[in-house]
Amino acid sequence: MPYYHCQPNAFDLEYLHTLRGEIQACQYFDTNNLNRDFVGTRGFSVVFKPSGRSALDQRFPFFKPYLDRALQPTCNAFYLNPLMLQQGSRVDPHIDRSLRAYCKTIAPPLHVSVLYVQVPRELVGGELVLRRGSQSVGRITPKLNLLLHFQGDLTHGVNAVTSPGTRLSLVCEQYCLEEKELWDIPEFRIESRAKAKVSMAKPGQVKARPR
């Protein structure tokens, strides 16, 4: 099985233009809420399960075409985040486990999908580097409208951006969880450092854990 797979020219360019504008205008878009590996980056995150997909589509309709194409039917929990890097930004090597905040024992995602929404023509740096242990298995130069899927248990990072301009991607970690793990994952929740931060979970919909 290949470590990663690329789909060039994945969407209509008009959709990418709309997506870029909607992301950057979104009230939740702020200094990233992700961990210290994401140096100088901006964005926000959405946690969801298939049962929360309709709420996500209603709240963020501009994500729908991307999700319709990127989501794998074998997965049942997702962590979606726009990720902006500019000059001086980088992402240090890590393995994704962003849902660990809800389930401490969670394994890495099955797949990670990345759409490059905005890429400067003269980008210097900003390559995505994939590793299996000490072995380099991929080095992807961002290209506008490239949809990338890679194995979720790979160590990966983004080289520092050293040129002016904005590198914007839309990332979705896709998990295949057991029922006891899935119970701890919200149906739909927004994570953001913005002052407008809210949780979309309604208290009346919280279920009691089975004993």
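So which residues in region 10-51 are free of Cβ contacts under 8 Å to residues at least 60 places away in the same chain, in contact with a helix residue (DSSP H, G or I) (Cβ under 9 Å, 6 or more places away or on another chain) and assigned to a helix (DSSP H, G or I), if there are any at all?
Y15, T18, G21, E22
Tell me which residues, restricted to region 58-67, are assigned to a helix (DSSP H, G or I) and under 14 Å from I190 (Cβ atoms). Step through it out loud before you land on a result.
Kept after step one, since they are assigned to a helix (DSSP H, G or I), are these residues of region 58-67: 58-59, 61-67.
Result: Q58, R59, F63.
Report yes if D57 is surrounded by fewer than 19 Cβ atoms within 10 Å (Cβ to Cβ), in contact with a Lys or Arg (Cβ under 6 Å, 6 or more places away or on another chain) and free of Cβ contacts under 8 Å to residues at least 24 places away in the same chain, otherwise no.
Criteria met by D57.
Looking at the structure I just gave you, is Q151 of a type in the set (S, T, N, Q), touching a strand residue (DSSP E or B) at 6+ places or on another chain (Cβ under 6 Å) and either crowded, with 16+ Cβ neighbours inside 10 Å or farther than 30 Å from R121 by Cα (or both)? Don't jump to the end; show me each part of the working.
Details: of a type in the set (S, T, N, Q): yes; touching a strand residue (DSSP E or B) at 6+ places or on another chain (Cβ under 6 Å): no; either crowded, with 16+ Cβ neighbours inside 10 Å or farther than 30 Å from R121 by Cα (or both): yes.
It is false that Q151 is of a type in the set (S, T, N, Q), touching a strand residue (DSSP E or B) at 6+ places or on another chain (Cβ under 6 Å) and either crowded, with 16+ Cβ neighbours inside 10 Å or farther than 30 Å from R121 by Cα (or both).
Is there a residue being crowded, with 20+ Cβ neighbours inside 10 Å, under 15 Å from the mean Cα position of the chain (by Cα), more than 24 Å from P120 (Cβ to Cβ) and of a type in the set (S, T, Y) anywhere in region 36-44?
As a first pass, look at region 36-44 and keep what is crowded, with 20+ Cβ neighbours inside 10 Å: 38, 41-44.
Remaining after also requiring under 15 Å from the mean Cα position of the chain (by Cα): 38, 41-44.
Those left that are additionally more than 24 Å from P120 (Cβ to Cβ): none.
Checking region 36-44: not a single residue is crowded, with 20+ Cβ neighbours inside 10 Å, under 15 Å from the mean Cα position of the chain (by Cα), more than 24 Å from P120 (Cβ to Cβ) and of a type in the set (S, T, Y).
What do you reckon, is A101 modelled with pLDDT under 95 and not basic (K, R)? It would help to see each step written out before you state the result.
Numbers: modelled with pLDDT under 95: yes; not basic (K, R): yes.
The answer is yes for A101.
Please find, within region 157-170, the residue that is nearest to V119 (Cα to Cα) out of those that are surrounded by 20 or more Cβ atoms within 10 Å (Cβ to Cβ) and not polar (S, T, N, Q). Quick ask: steps written out before the conclusion?
From region 157-170, those surrounded by 20 or more Cβ atoms within 10 Å (Cβ to Cβ) are 158, 161, 167-170; that's our starting set.
Going one step further and asking which of them are not polar (S, T, N, Q), we end up with 158, 161, 167-168, 170.
Working: V158: 14, V161: 11, R167: 5, L168: 7, L170: 12 Å.
Among them, the one singled out is R167.
So which residues in region 74-104 are without any contact (Cβ under 8 Å) to a residue 40 or more places away in the chain and within 15 Å of the chain's Cα centre (by Cα)? Give the derivation first.
If we filter region 74-104 for residues that are without any contact (Cβ under 8 Å) to a residue 40 or more places away in the chain, which is where we start, we get 97, 100-101, 104.
The answer is R97, R100.
Starting from residues that are without any contact (Cβ under 8 Å) to a residue 12 or more places away in the chain and either under 18 Å from N33 (Cα atoms) or assigned to a strand (DSSP E or B) (or both), keep the ones in region 105-144 and report whichever is farthest from the chain's Cα centre (by Cα).
Top of the filtered list is Q135.
The values are calculated or read from the model by the stated rules, or taken from the named source; none is laboratory data. What you see is a predicted model, and the numbers here were worked out from it, not measured in a lab. Cβ: placed from backbone, ideal geometry, glycine included. Neighbour counts: every protein chain shown.
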